[in-house]
Amino acid sequence: MINQAMPNGETENARVLAIAPMRRRSSMGKRMDLKDRFFGKGTPKLGEPPVANNRLAKPPAFAILFSDVPDINPDALAHILRDYHTDFAGVTAEFVREGANTLGLIGWGRHVVKVVVFNTAMPTEAVVNCVQPAHYDPQLKQEAYQHKAHALLFYAGYETDSLEQHVALAATAAGLTHFGGLVVLNELGHSSMPALALLPHEEDNRDTIGSLRKFPIPLLYAGFVKIELDGEPGVWMRTYGCEALQLPNLAIHADAHNQGGATFSLFANILAHLREKGKSFQPGDTIALGEGMYLHVRVRTQDEWFLESEGTMLVLERTTEAEATT
(Lines give C-alpha, C1' and ligand atoms only; values in the text may rest on other atoms or scores of the structure.)
Protein backbone atom coordinates (compact mmCIF):
# COMPACT_ATOMS: atom_id res chain seq x y z
CA MET A 1 0.00 0.00 0.00
CA ILE A 2 1.24 3.50 -0.78
CA ASN A 3 2.27 5.24 2.41
CA GLN A 4 1.97 8.98 2.61
CA ALA A 5 5.67 9.48 3.21
CA MET A 6 6.61 13.11 2.93
CA PRO A 7 10.00 14.61 2.07
CA ASN A 8 12.36 15.58 4.86
CA GLY A 9 10.52 13.43 7.38
CA GLU A 10 7.33 15.48 7.39
CA THR A 11 4.19 13.77 8.61
CA GLU A 12 0.50 14.52 8.31
CA ASN A 13 0.68 15.84 11.87
CA ALA A 14 3.51 18.28 11.15
CA ARG A 15 2.63 21.78 12.27
CA VAL A 16 3.80 24.98 10.64
CA LEU A 17 3.62 28.14 12.75
CA ALA A 18 2.69 31.33 10.91
CA ILE A 19 4.17 34.72 11.77
CA ALA A 20 1.86 37.70 12.14
CA PRO A 21 -0.08 38.22 8.89
CA MET A 22 1.08 40.86 6.44
CA ARG A 23 -0.88 42.68 3.78
CA ARG A 24 1.28 41.25 0.99
CA ARG A 25 2.47 37.73 1.37
CA SER A 26 6.08 37.08 0.52
CA SER A 27 6.94 33.98 -1.52
CA MET A 28 7.87 32.31 1.77
CA GLY A 29 4.45 33.22 3.19
CA LYS A 30 2.70 31.66 0.22
CA ARG A 31 4.87 28.57 0.58
CA MET A 32 3.98 28.15 4.24
CA ASP A 33 0.29 28.77 3.51
CA LEU A 34 0.28 26.02 0.88
CA LYS A 35 2.10 23.66 3.21
CA ASP A 36 -0.44 24.33 5.96
CA ARG A 37 -3.33 23.58 3.62
CA PHE A 38 -1.53 20.53 2.24
CA PHE A 39 -1.53 19.05 5.74
CA GLY A 40 -5.18 19.97 6.34
CA LYS A 41 -4.74 23.07 8.48
CA GLY A 42 -7.46 25.60 7.88
CA THR A 43 -11.15 25.64 7.06
CA PRO A 44 -12.20 25.15 3.44
CA LYS A 45 -14.30 28.03 2.13
CA LEU A 46 -16.03 28.55 -1.19
CA GLY A 47 -13.92 30.64 -3.54
CA GLU A 48 -10.77 30.32 -1.43
CA PRO A 49 -7.70 28.08 -1.94
CA PRO A 50 -8.34 24.37 -1.26
CA VAL A 51 -7.61 22.77 2.09
CA ALA A 52 -6.80 19.06 2.22
CA ASN A 53 -9.25 16.89 4.14
CA ASN A 54 -7.14 15.14 6.78
CA ARG A 55 -10.10 13.19 8.17
CA LEU A 56 -9.94 10.51 5.47
CA ALA A 57 -8.69 7.31 7.10
CA LYS A 58 -7.60 5.47 3.94
CA PRO A 59 -7.76 7.82 0.98
CA PRO A 60 -7.27 6.25 -2.45
CA ALA A 61 -3.90 6.90 -4.04
CA PHE A 62 -2.33 6.59 -7.47
CA ALA A 63 1.23 7.02 -8.71
CA ILE A 64 2.50 8.29 -12.04
CA LEU A 65 5.93 7.47 -13.47
CA PHE A 66 7.87 10.10 -15.43
CA SER A 67 10.49 9.63 -18.12
CA ASP A 68 12.53 12.43 -16.51
CA VAL A 69 12.23 14.80 -13.56
CA PRO A 70 9.11 16.82 -14.43
CA ASP A 71 9.09 20.61 -14.53
CA ILE A 72 5.47 21.19 -13.55
CA ASN A 73 4.15 24.65 -14.31
CA PRO A 74 1.06 25.18 -12.09
CA ASP A 75 -0.57 27.67 -14.46
CA ALA A 76 -0.03 25.37 -17.43
CA LEU A 77 -1.43 22.41 -15.49
CA ALA A 78 -4.54 24.36 -14.50
CA HIS A 79 -5.05 25.36 -18.15
CA ILE A 80 -4.65 21.72 -19.25
CA LEU A 81 -7.23 20.56 -16.72
CA ARG A 82 -9.73 23.25 -17.74
CA ASP A 83 -9.42 22.03 -21.32
CA TYR A 84 -9.82 18.44 -20.12
CA HIS A 85 -13.39 18.87 -18.88
CA THR A 86 -15.81 21.61 -17.88
CA ASP A 87 -15.83 20.24 -14.31
CA PHE A 88 -12.39 21.86 -13.96
CA ALA A 89 -13.61 25.38 -14.74
CA GLY A 90 -12.57 26.64 -11.30
CA VAL A 91 -9.50 24.45 -10.79
CA THR A 92 -6.44 25.75 -8.95
CA ALA A 93 -3.00 24.14 -9.03
CA GLU A 94 -0.22 25.05 -6.60
CA PHE A 95 3.26 23.55 -6.29
CA VAL A 96 6.17 24.37 -4.03
CA ARG A 97 9.64 22.89 -3.66
CA GLU A 98 10.27 20.97 -0.46
CA GLY A 99 13.90 19.94 -0.30
CA ALA A 100 14.70 17.78 -3.32
CA ASN A 101 11.02 17.10 -3.94
CA THR A 102 7.84 19.05 -4.66
CA LEU A 103 4.48 19.32 -2.90
CA GLY A 104 1.35 20.14 -4.87
CA LEU A 105 -2.30 20.82 -4.12
CA ILE A 106 -4.94 20.71 -6.86
CA GLY A 107 -8.54 21.65 -6.09
CA TRP A 108 -11.86 22.01 -7.91
CA GLY A 109 -15.43 21.74 -6.66
CA ARG A 110 -15.55 19.19 -3.83
CA HIS A 111 -12.28 17.62 -4.92
CA VAL A 112 -8.76 18.12 -3.61
CA VAL A 113 -5.76 16.04 -4.70
CA LYS A 114 -2.41 16.13 -2.94
CA VAL A 115 0.65 15.54 -5.11
CA VAL A 116 4.15 14.64 -3.93
CA VAL A 117 6.74 14.63 -6.71
CA PHE A 118 9.91 12.64 -6.04
CA ASN A 119 12.96 13.25 -8.22
CA THR A 120 13.86 9.58 -7.93
CA ALA A 121 12.50 6.31 -9.25
CA MET A 122 9.69 4.53 -7.40
CA PRO A 123 10.73 1.37 -5.50
CA THR A 124 11.23 -1.46 -7.99
CA GLU A 125 8.99 -3.99 -6.25
CA ALA A 126 6.01 -1.62 -6.29
CA VAL A 127 6.50 -0.88 -9.99
CA VAL A 128 6.86 -4.55 -10.96
CA ASN A 129 3.76 -5.55 -8.96
CA CYS A 130 1.68 -3.04 -10.93
CA VAL A 131 3.28 -3.11 -14.39
CA GLN A 132 3.98 -6.82 -14.87
CA PRO A 133 0.34 -8.07 -14.69
CA ALA A 134 -0.99 -5.33 -16.98
CA HIS A 135 -1.67 -5.74 -20.70
CA TYR A 136 -0.12 -3.03 -22.85
CA ASP A 137 2.90 -2.41 -25.09
CA PRO A 138 6.02 -4.22 -23.75
CA GLN A 139 8.13 -1.26 -24.93
CA LEU A 140 6.14 1.07 -22.68
CA LYS A 141 6.58 -1.37 -19.81
CA GLN A 142 10.33 -1.22 -20.35
CA GLU A 143 10.21 2.58 -20.30
CA ALA A 144 8.22 2.38 -17.06
CA TYR A 145 10.91 0.20 -15.47
CA GLN A 146 13.52 2.78 -16.52
CA HIS A 147 11.61 5.86 -15.29
CA LYS A 148 13.55 8.65 -13.61
CA ALA A 149 10.97 10.25 -11.30
CA HIS A 150 7.50 9.63 -9.91
CA ALA A 151 4.64 11.37 -8.17
CA LEU A 152 2.16 10.10 -5.60
CA LEU A 153 -1.41 11.37 -5.82
CA PHE A 154 -3.62 11.19 -2.73
CA TYR A 155 -7.32 11.97 -2.72
CA ALA A 156 -7.85 14.67 -0.08
CA GLY A 157 -11.22 16.14 -0.99
CA TYR A 158 -14.74 16.10 0.39
CA GLU A 159 -16.51 13.79 -2.07
CA THR A 160 -17.76 10.69 -0.23
CA ASP A 161 -18.40 8.48 -3.27
CA SER A 162 -15.34 6.24 -3.59
CA LEU A 163 -15.66 5.86 -7.37
CA GLU A 164 -15.74 9.64 -7.81
CA GLN A 165 -12.61 9.86 -5.67
CA HIS A 166 -10.82 7.47 -8.04
CA VAL A 167 -12.11 9.37 -11.07
CA ALA A 168 -10.68 12.58 -9.60
CA LEU A 169 -7.28 10.91 -9.22
CA ALA A 170 -7.39 9.59 -12.78
CA ALA A 171 -8.27 13.03 -14.17
CA THR A 172 -5.44 14.63 -12.19
CA ALA A 173 -3.04 12.00 -13.51
CA ALA A 174 -4.22 12.83 -17.03
CA GLY A 175 -3.21 16.45 -16.50
CA LEU A 176 0.22 15.46 -15.17
CA THR A 177 0.74 13.21 -18.20
CA HIS A 178 1.59 16.34 -20.21
CA PHE A 179 4.78 16.72 -18.16
CA GLY A 180 6.35 13.44 -19.24
CA GLY A 181 4.04 10.91 -17.60
CA LEU A 182 4.48 7.33 -18.81
CA VAL A 183 2.30 5.02 -16.75
CA VAL A 184 -0.30 5.48 -13.99
CA LEU A 185 -0.24 2.94 -11.14
CA ASN A 186 -2.69 1.84 -8.47
CA GLU A 187 -0.46 0.10 -5.96
CA LEU A 188 -3.35 -1.23 -3.86
CA GLY A 189 -4.90 -2.75 -6.98
CA HIS A 190 -1.63 -4.13 -8.42
CA SER A 191 -2.70 -2.39 -11.63
CA SER A 192 -1.40 0.14 -14.14
CA MET A 193 -2.22 1.61 -17.52
CA PRO A 194 -0.56 3.90 -20.09
CA ALA A 195 -0.87 7.52 -19.00
CA LEU A 196 -1.86 8.50 -22.55
CA ALA A 197 -4.98 6.32 -22.23
CA LEU A 198 -6.37 8.87 -19.76
CA LEU A 199 -6.23 11.72 -22.27
CA PRO A 200 -9.31 12.76 -24.27
CA HIS A 201 -10.28 10.53 -27.20
CA GLU A 202 -12.82 11.00 -29.97
CA GLU A 203 -15.08 8.30 -28.56
CA ASP A 204 -15.39 10.29 -25.31
CA ASN A 205 -17.75 12.72 -27.09
CA ARG A 206 -16.08 15.57 -25.18
CA ASP A 207 -17.01 13.98 -21.84
CA THR A 208 -13.73 12.60 -20.56
CA ILE A 209 -14.94 12.49 -16.95
CA GLY A 210 -17.94 10.45 -18.08
CA SER A 211 -15.57 8.02 -19.79
CA LEU A 212 -13.46 7.70 -16.63
CA ARG A 213 -16.61 6.83 -14.68
CA LYS A 214 -17.29 3.99 -17.12
CA PHE A 215 -13.86 2.38 -16.78
CA PRO A 216 -14.13 -1.32 -15.89
CA ILE A 217 -13.32 -1.36 -12.18
CA PRO A 218 -10.46 -3.92 -12.43
CA LEU A 219 -8.74 -1.85 -15.14
CA LEU A 220 -7.28 0.82 -12.83
CA TYR A 221 -9.56 1.54 -9.86
CA ALA A 222 -8.86 -2.02 -8.66
CA GLY A 223 -6.76 -4.70 -10.37
CA PHE A 224 -6.85 -8.10 -12.11
CA VAL A 225 -4.01 -10.60 -11.61
CA LYS A 226 -3.33 -14.18 -12.74
CA ILE A 227 -1.61 -16.60 -10.37
CA GLU A 228 0.02 -19.92 -11.29
CA LEU A 229 0.82 -22.41 -8.53
CA ASP A 230 3.54 -25.03 -8.81
CA GLY A 231 2.06 -28.49 -9.24
CA GLU A 232 -1.50 -27.25 -9.74
CA PRO A 233 -3.05 -27.23 -13.21
CA GLY A 234 -4.91 -24.19 -14.44
CA VAL A 235 -4.64 -20.54 -13.43
CA TRP A 236 -6.13 -18.61 -10.55
CA MET A 237 -7.50 -15.19 -11.48
CA ARG A 238 -8.34 -12.62 -8.83
CA THR A 239 -8.90 -8.93 -8.15
CA TYR A 240 -6.97 -6.66 -5.81
CA GLY A 241 -8.02 -3.40 -4.20
CA CYS A 242 -11.81 -3.62 -4.53
CA GLU A 243 -12.13 -2.86 -0.83
CA ALA A 244 -11.25 0.77 -1.64
CA LEU A 245 -14.59 0.93 -3.48
CA GLN A 246 -16.50 -0.87 -0.71
CA LEU A 247 -16.71 -3.95 -2.94
CA PRO A 248 -15.55 -7.54 -2.44
CA ASN A 249 -12.52 -8.95 -4.18
CA LEU A 250 -13.29 -11.84 -6.52
CA ALA A 251 -11.37 -14.97 -7.49
CA ILE A 252 -11.94 -17.96 -9.76
CA HIS A 253 -9.89 -20.95 -10.90
CA ALA A 254 -9.67 -21.02 -14.70
CA ASP A 255 -8.50 -23.82 -16.96
CA ALA A 256 -6.00 -21.72 -18.91
CA HIS A 257 -4.60 -18.23 -19.50
CA ASN A 258 -6.78 -17.76 -22.59
CA GLN A 259 -9.79 -17.41 -20.30
CA GLY A 260 -8.34 -14.17 -18.92
CA GLY A 261 -10.32 -11.82 -21.14
CA ALA A 262 -13.63 -13.50 -20.37
CA THR A 263 -12.84 -13.62 -16.65
CA PHE A 264 -11.85 -9.94 -16.59
CA SER A 265 -15.20 -9.06 -18.20
CA LEU A 266 -17.04 -11.33 -15.75
CA PHE A 267 -15.42 -9.65 -12.74
CA ALA A 268 -15.99 -6.17 -14.20
CA ASN A 269 -19.69 -6.88 -14.80
CA ILE A 270 -20.23 -8.38 -11.34
CA LEU A 271 -18.49 -5.46 -9.62
CA ALA A 272 -20.44 -2.90 -11.66
CA HIS A 273 -23.68 -4.70 -10.75
CA LEU A 274 -22.83 -4.77 -7.03
CA ARG A 275 -21.88 -1.10 -7.05
CA GLU A 276 -25.08 -0.12 -8.87
CA LYS A 277 -27.29 -2.13 -6.52
CA GLY A 278 -25.37 -1.24 -3.38
CA LYS A 279 -25.35 -4.89 -2.34
CA SER A 280 -22.94 -7.81 -2.14
CA PHE A 281 -23.09 -11.55 -2.56
CA GLN A 282 -22.81 -13.80 0.46
CA PRO A 283 -21.07 -17.16 0.79
CA GLY A 284 -23.55 -19.83 -0.29
CA ASP A 285 -25.21 -17.63 -2.91
CA THR A 286 -25.54 -18.76 -6.51
CA ILE A 287 -25.04 -16.35 -9.42
CA ALA A 288 -27.03 -17.07 -12.58
CA LEU A 289 -25.13 -15.83 -15.63
CA GLY A 290 -27.61 -16.96 -18.27
CA GLU A 291 -27.37 -19.69 -20.92
CA GLY A 292 -27.32 -22.33 -18.20
CA MET A 293 -24.19 -20.92 -16.52
CA TYR A 294 -24.07 -20.68 -12.73
CA LEU A 295 -21.46 -19.72 -10.16
CA HIS A 296 -21.40 -20.77 -6.52
CA VAL A 297 -20.02 -18.22 -4.04
CA ARG A 298 -17.78 -19.27 -1.15
CA VAL A 299 -15.07 -17.86 1.09
CA ARG A 300 -11.44 -18.80 0.55
CA THR A 301 -9.98 -21.73 2.46
CA GLN A 302 -6.97 -21.51 4.77
CA ASP A 303 -4.88 -23.27 2.12
CA GLU A 304 -5.67 -20.53 -0.39
CA TRP A 305 -3.18 -18.08 1.09
CA PHE A 306 -2.65 -16.53 -2.33
CA LEU A 307 -6.21 -15.19 -2.15
CA GLU A 308 -5.65 -13.17 1.01
CA SER A 309 -7.33 -9.80 0.85
CA GLU A 310 -7.56 -6.69 3.03
CA GLY A 311 -11.30 -6.75 2.43
CA THR A 312 -13.81 -9.49 1.68
CA MET A 313 -12.67 -12.17 -0.77
CA LEU A 314 -15.36 -14.18 -2.57
CA VAL A 315 -14.34 -17.27 -4.52
CA LEU A 316 -16.53 -18.19 -7.49
CA GLU A 317 -16.91 -21.82 -8.55
CA ARG A 318 -18.70 -23.06 -11.65
CA THR A 319 -21.70 -25.22 -10.89
CA THR A 320 -24.51 -26.90 -12.81
CA GLU A 321 -28.15 -25.88 -12.99
CA ALA A 322 -29.11 -29.02 -11.08
CA GLU A 323 -26.69 -28.22 -8.26
CA ALA A 324 -27.76 -24.57 -8.26
CA THR A 325 -31.44 -25.41 -7.78
CA THR A 326 -31.03 -28.03 -5.06
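The values are calculated or read from the model by the stated rules, or taken from the named source; none is laboratory data. Just so we're clear, the structure is a prediction, and the values are computed from it rather than from any experiment. Glycine gets a Cβ as well: all are built from the backbone with ideal geometry, and neighbour counts include every protein chain shown.
Here are a few things to note about the model shown:
- Hits in the stretch 220-242 (condition: buried (at least 20 other Cβ atoms within 10 Å of the Cβ) and either over 18 Å from ALA134 (Cβ atoms) or within 15 Å of the chain's Cα centre (by Cα) (or both)): LEU220, TYR221, ALA222, GLY223, PHE224, THR239, TYR240, GLY241, CYS242
- Selection of the stretch 72-116 for residues being modelled with pLDDT under 95 and of a type in the set (D, E, K, R) yields ARG97, GLU98.
- The residue that is surrounded by the fewest Cβ atoms within 10 Å (Cβ to Cβ), counting only those in the stretch 288-326 that are within 27 Å of GLU164 (Cβ to Cβ) and of a type in the set (A, V, I, L, M, F, W, C), is MET313.
- Qualifying residue in the stretch 117-129 (condition: in contact with a Lys or Arg (Cβ under 7 Å, 6 or more places away or on another chain) and touching a residue at least 60 places away in the same chain (Cβ under 8 Å)): no
- Selected residue (only one of GLY181, GLY157 is touching a Lys or Arg at 6+ places or on another chain (Cβ under 9 Å) and at pLDDT 95 or above): GLY157
- Residues within the stretch 132-170 that are within 18 Å of the chain's Cα centre (by Cα), over 21 Å from ASP71 (Cβ atoms) and aliphatic (A, V, I, L, M), tallied: 7
- Residues that are closer than 16 Å to THR263 by Cα and either touching a Phe, Trp or Tyr at 6+ places or on another chain (Cβ under 9 Å) or of a type outside the set (Ser, Thr, Tyr) (or both) within the stretch 284-306 comprise ILE287, ALA288, LEU289, GLY290, MET293, LEU295, HIS296, VAL297, listed in sequence order.
- Counting only strands (runs of 3 or more DSSP E) that fall entirely inside the stretch 118-194 and contain at least 3 residues that are not small (Gly, Ala, Ser), the qualifying elements are 149-155, 181-186.
- Out of ARG298, ARG275, sole residue that is under 20 Å from LEU220 (Cα atoms) and not assigned by TED's automatic domain parsing to the domain that holds ASP161: ARG275
- Some residue of the stretch 194-206 being assigned by TED's automatic domain parsing to the domain that holds GLY311 and acidic (Asp, Glu): no
- Of the residues contained in the stretch 81-100, none is found to be of a type in the set (Asp, Glu), farther than 21 Å from LEU212 by Cβ and either assigned to a helix (DSSP H, G or I) or touching a Phe, Trp or Tyr at 6+ places or on another chain (Cβ under 8 Å) (or both).
- Residues in the stretch 182-210 that are within 15 Å of the chain's Cα centre (by Cα) and not aliphatic (A, V, I, L, M): ASN186, GLU187, GLY189, HIS190, SER191, SER192, PRO194.
- Leading residue by the ranking (surrounded by the most Cβ atoms within 10 Å (Cβ to Cβ)) among those in the stretch 195-207 that are assigned to a helix (DSSP H, G or I) and in contact with a helix residue (DSSP H, G or I) (Cβ under 6 Å, 6 or more places away or on another chain): LEU198
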